[in-house]
Amino acid sequence: MTGITHVICDCDGVLLDSESVALAAIIDGLDGRAPRTVLDAFLRPRLGMTLPAIAADMATELDLRLSMTETLELEAQVEARCIAEAQAIPGVLQALSALQRPLAVASNSSRPRVEAGLGSAGLRDLFGGQVYTPDVALRPKPAPDLYRAACAGLGGQAASTLVLEDSVAGVTAARAAGLSVLGFVGARHGEIGASRRLLAAGAHAVFDDMRELPERVTQWAVR
């Protein structure tokens, strides 16, 4: 296998332990609309998707329908709580610094949310402005647009670029972009079956401790 020269990271659930915050914020925002246990079971496999995409699934599968205004209001609540409460994944700063490779972020979250989170966690300088979020030209995951743009922005080749992801939508996007994927399941929102789902979506391997990352990338490079 080609050695790894560039690394692209998802943000929520990989750099920031924020998916559990987002999960709680969505459930709180929908309080009274459906049982909390039902919402929890429905939402966990969909973390990493955009809120409009989650809302579309809720309408189909739970018969719980949100207006566009309600969706935007809930999205704002989630963003505010994630900015205020999310912390860096333990060990991620040291792990990424040890890689000594060009890094980028590709996230379905808004750019202000990503930038604020990276700044508060002390991670912003690692990425040198290489932050990719959905806009009019880049569709959100599971479309491959963000990962293709990040790979091109880094000047990397698909065969030698590794993606760190925690969601099925993200793994699907990265694989569609032709990139190798290492799944991360060490954030607080991880649950039984997460590793299996990431592997089924196309991740090449999974891990749950950021302290393992430098060695895993080194081993990948000598395969």
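Things worth noting here:
- Amide H contacts under 5 Å for VAL163, placed H, 5+ residues apart: ILE8, SER180, VAL181, LEU182
- Rg and Dmax of segment 19-85, both derived from C-alpha coordinates alone, stand at 10.8, 32 Å.
- Peptides 158-168, 125-135, 102-112 ranked from most to least packed give 158-168, 102-112, 125-135, packing being the mean of other C-beta atoms within 10 angstrom over each peptide's residues.
- Net charge, SER18 excluded, C-beta distance under 13 Å - Lys, Arg +1, Asp, Glu -1: -4
- Amide H contacts under 5 Å for VAL105: CYS9, VAL131, TYR132, restricted to partners 5 or more places along the chain or on a different chain, H placed in the peptide plane at 1.01 Å from N.
- Taking amide H positions as modeled 1.01 Å from N, with prolines and chain starts lacking one, the residues under 5 Å from LEU16 and 5 or more places away or on another chain are ILE89.
- ³J(HN,Hα) computed for each position of segment 129-134 - Karplus, 6.51 cos²θ - 1.76 cosθ + 1.60, integer Hz, glycine/proline x: x, 7, 10, 10, 9, x
- Over all projection directions, the Cα-based convex hull of the chain averages an area of 11.2 nm².
- Cα Rg over Rh - segment 42-164, Kirkwood: 1.00
- Positive minus negative residues near LEU138 (Lys, Arg vs Asp, Glu; Cβ under 12 Å): +2
- Nearest 10 degrees, 0 to 90: helix 111-120 Cα axis against the chain principal axis: 70
- Rounded to 10°, Cα long-axis angle of helix 51-61 versus longest principal axis of the chain: 60
- Tilt relative to the chain, helix 19-29 - C-alpha long axis, 0 to 90 degrees, to 10: 10
Every read-out reported here was derived from the displayed coordinates using simple, explicitly stated rules and does not represent laboratory data. The structure displayed is predicted, hence computed values, not measured ones. Cβ sites come from the backbone with ideal geometry, for glycine too, and all protein chains shown count toward neighbours.
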